[in-house]
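Chemist: Questions regarding the structure given below will be posed in turn.
The values are calculated or read from the model by the stated rules, or taken from the named source; none is laboratory data. Computed from a prediction, not measured in an experiment: that's the story for all the values here. Because the Cβ atoms are built from the backbone with ideal geometry, glycine has one as well, and the counts that use them run over all protein chains shown. Accessible surface areas use protein heavy atoms only, side chains included; no ligands, DNA or RNA. Shrake-Rupley method; radii C 1.70, N 1.55, O 1.52, S 1.80 Å.
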Amino acid sequence: MVKFEVSAPGKVILHGEHSVVYGKPAVAGVVQVRNTLKLEVNDNKSVEICFPKIGLDVVTFPLEVINKLLSTCTEKYGALKLPESINHGVFLGEVQQFVRENVTGISKNDLDTRELNSLSATVYLLMGILIEGKTENLQKGFTINLKTEMSVGAGLGSSASFGVCLAAAFYFLIRLLEKESFLEDFQNLSETQQHDVKQRISTWAFYSEKIMHGNPSGLDNTICTFGNVVKFYKGHPPVDIKLACSLPILLVDSGVGRSTAKLVEKVTDLRARHTKLVDNIFEAMKYLVEDAVDILEHITHISDTENFHKLENLVSMNNNLLRSLGVSHPALEKIFVIAEKYGFHAKLSGAGGGGFAMILLPSWNIHEMKNFRQLKDDLEKNNFQWILTGLGGEGLTFRNL
């Protein structure tokens, strides 16, 4: 029986938030807090979805209606190159209507936006990848169960990691149903062939991000798929940054949820009112990213004081540029004050408006430093939860169960 697990990390954007949407470069790296999705084929005549972190404990779609939708969509879209040539809005509208009409296990009237988007992304990717794989129908049902170490909507790329897990699970599913040794065979593919498979998964995950966020840059799904630390332009392949040393960071949860799509829209509205000013801020962010890349490629050890101080300066400078775009939040500002009080440099991460702040740390032996102990005690006193992690590492992983 087919049973396997896929996992994808979260991410932080070091520099380039918001400006990356407008064609400027960004630097991002994965952090090892992960989404893990288990898929198990069974004899039930249904697709069961368990996403407890977002309130979807068990929702079900009968296999009969899944196959009916697949037949309809194959007839409409089967001749197209997917997903690039599909009319995304029309296809999404059909999927959302299907979800509302056919979901069981939850009241259709109780579906909030996040739940509807999550279920729609699931069905959208399932349909698209089945059509792309020339699968005519599913003979058996399956259960997918998502576990996450991330706060939802907090700027760690949870939705992109979610999309990567879904796309990988469905991509591997149809191939494992044809050949149960596919995962082992995949490991023996050349590096180029594996990259091509992961690129298809990342592309589908990007369309999942469009459902969740409206106008994503493509950065989050790329970094969550491939891992590492990259420099990235919208619409272009990412360029790996070869870190000579691992950089420790502290991620601090503001406890405030926010909508990336709304924050991106807020910056768009600000730019419409003050185009030259905002474009100059984006241009400054571009030069800041270029400086950061140069330093990251040359810093050989965390004890390289001169380069580390340069990175700290860039963290503070970028945070102030982001503040000028109106995407900070009082809870984030409180974290910044606490960090600065003990000599650390902090910035918001992701779209802002809440979510996580990132604090650059000068040592992996940080617990031995008095000012770090004071920092974490102060954060905890103010009810801020934190994660000590490093920048970079593996992207998408998978294993048979």
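Chemist: So, in the stretch 100-128, of the ones that are open to solvent by less than 10 Å² (accessible area, probe 1.4 Å) and in contact with a strand residue (DSSP E or B) (Cβ under 8 Å, 6 or more places away or on another chain), which residue ends up modelled with the lowest pLDDT? Write out each step before concluding.
Modeler: Residues of the stretch 100-128 open to solvent by less than 10 Å² (accessible area, probe 1.4 Å): 103, 118-128.
After this cut, where a residue has to be in contact with a strand residue (DSSP E or B) (Cβ under 8 Å, 6 or more places away or on another chain) as well, the list is 103, 118-119, 122-123, 126.
Details: V103: 87, S118: 92, L119: 94, T122: 96, V123: 96, L126: 97.
If we take residues in the stretch 100-128 being open to solvent by less than 10 Å² (accessible area, probe 1.4 Å) and in contact with a strand residue (DSSP E or B) (Cβ under 8 Å, 6 or more places away or on another chain), then V103 is modelled with the lowest pLDDT.
Chemist: Also: Counting only residues that are in contact with a Phe, Trp or Tyr (Cβ under 7 Å, 6 or more places away or on another chain) and part of a strand (DSSP E or B), how many does the stretch 123-149 have?
Modeler: Within the stretch 123-149, residues that are in contact with a Phe, Trp or Tyr (Cβ under 7 Å, 6 or more places away or on another chain) and part of a strand (DSSP E or B) number 1.
Chemist: Can you tell me which residues in the stretch 325-350 are basic (K, R), over 25 Å from A284 (Cα atoms) and in contact with a Leu (Cβ under 9 Å, 6 or more places away or on another chain)?
Modeler: Narrowing the stretch 325-350 to residues basic (K, R): 334, 341, 347.
Now drop any that are not over 25 Å from A284 (Cα atoms), which leaves 334, 341.
Matches in the stretch 325-350: K341 only.
Chemist: Just give me the residues in the stretch 68-93 being crowded, with 17+ Cβ neighbours inside 10 Å and not hydroxyl-bearing (S, T, Y), in sequence order. Talk me through it step by step, then tell me what you get.
Modeler: Taking the stretch 68-93 first, the residues crowded, with 17+ Cβ neighbours inside 10 Å are 69-70, 73-74, 77, 82-83, 86, 91-92.
Across the stretch 68-93, the qualifying residues are L69, L70, C73, L82, P83, I86, F91, L92.
Chemist: Take the residues in the stretch 72-88 that are hydrophobic (A, V, I, L, M, F, W, C) and under 24 Å from the mean Cα position of the chain (by Cα), then tell me which one is modelled with the highest pLDDT.
Modeler: Taking the stretch 72-88 first, the residues hydrophobic (A, V, I, L, M, F, W, C) are 73, 79-80, 82, 86.
Now narrow it down to the ones that are under 24 Å from the mean Cα position of the chain (by Cα): 82, 86.
Values: L82: 88, I86: 85.
The selected residue is L82.
Chemist: Here's something else I'd like to know. In the stretch 286-320, how many are assigned to a helix (DSSP H, G or I), open to solvent by 40 Å² or more (accessible area, probe 1.4 Å) and not polar (S, T, N, Q)?
Modeler: Residues meeting the conditions: 11.
Chemist: Another question about this same structure. Please count how many residues of the stretch 201-231 are of a type in the set (K, R) and without any contact (Cβ under 8 Å) to a residue 40 or more places away in the chain.
Modeler: 0
Chemist: Condition test on I54, is it in contact with a Lys or Arg (Cβ under 8 Å, 6 or more places away or on another chain), within 30 Å of D269 (Cα to Cα) and open to solvent by 10 Å² or more (accessible area, probe 1.4 Å)? Let's see the steps before the verdict.
Modeler: Values: in contact with a Lys or Arg (Cβ under 8 Å, 6 or more places away or on another chain): yes; within 30 Å of D269 (Cα to Cα): yes; open to solvent by 10 Å² or more (accessible area, probe 1.4 Å): yes.
Taking the combined requirement at face value, the residue satisfies it.
Chemist: What is the residue count in the stretch 221-264 for residues that are within 23 Å of K24 (Cα to Cα) and open to solvent by less than 40 Å² (accessible area, probe 1.4 Å)? Steps first, please.
Modeler: Taking the stretch 221-264 and keeping what is within 23 Å of K24 (Cα to Cα), we get 221-243, 259-264.
The next check asks that each one be open to solvent by less than 40 Å² (accessible area, probe 1.4 Å); those that pass are 221-225, 227, 229-230, 232, 241, 260-261, 263-264.
Qualifying residue count, the stretch 221-264: 14.
Chemist: Inside the stretch 292-319, can you point out the residues that are closer than 22 Å to G352 by Cα and of a type in the set (D, E)?
Modeler: Matches in the stretch 292-319: E312 only.
Chemist: When you scan the stretch 23-31, do you find a residue that is in contact with a Phe, Trp or Tyr (Cβ under 8 Å, 6 or more places away or on another chain) and either open to solvent by 10 Å² or more (accessible area, probe 1.4 Å) or over 30 Å from D294 (Cβ atoms) (or both), even just one?
Modeler: Initially, the stretch 23-31 is screened for residues in contact with a Phe, Trp or Tyr (Cβ under 8 Å, 6 or more places away or on another chain), giving 23-28.
From the residues that got through so far, the ones that are either open to solvent by 10 Å² or more (accessible area, probe 1.4 Å) or over 30 Å from D294 (Cβ atoms) (or both) too are 23-24.
There is at least one residue in the stretch 23-31 that is in contact with a Phe, Trp or Tyr (Cβ under 8 Å, 6 or more places away or on another chain) and either open to solvent by 10 Å² or more (accessible area, probe 1.4 Å) or over 30 Å from D294 (Cβ atoms) (or both).
Chemist: Then there is this: What single numbered condition from (1) in contact (Cβ under 8 Å) with a residue 40 or more places away in the chain; (2) out of contact with any Gly (no Cβ under 7 Å at 6 or more places or on another chain); (3) farther than 15 Å from V256 by Cβ; (4) open to solvent by less than 10 Å² (accessible area, probe 1.4 Å) fails to hold for F372?
Modeler: That leaves (1) as the condition not met.
Chemist: Further question: Could you go through the stretch 158-180 and let me know if any residue there is open to solvent by 30 Å² or more (accessible area, probe 1.4 Å), among the aromatic types (F, W, Y) and either without any contact (Cβ under 8 Å) to a residue 24 or more places away in the chain or touching a helix residue (DSSP H, G or I) at 6+ places or on another chain (Cβ under 6 Å) (or both).
Modeler: Going residue by residue through the stretch 158-180, those that are open to solvent by 30 Å² or more (accessible area, probe 1.4 Å) are 175, 177-180.
Retained after the next criterion (residues that are among the aromatic types (F, W, Y)): none.
Looking for residues that are open to solvent by 30 Å² or more (accessible area, probe 1.4 Å), among the aromatic types (F, W, Y) and either without any contact (Cβ under 8 Å) to a residue 24 or more places away in the chain or touching a helix residue (DSSP H, G or I) at 6+ places or on another chain (Cβ under 6 Å) (or both), one finds none in the stretch 158-180, hence no.
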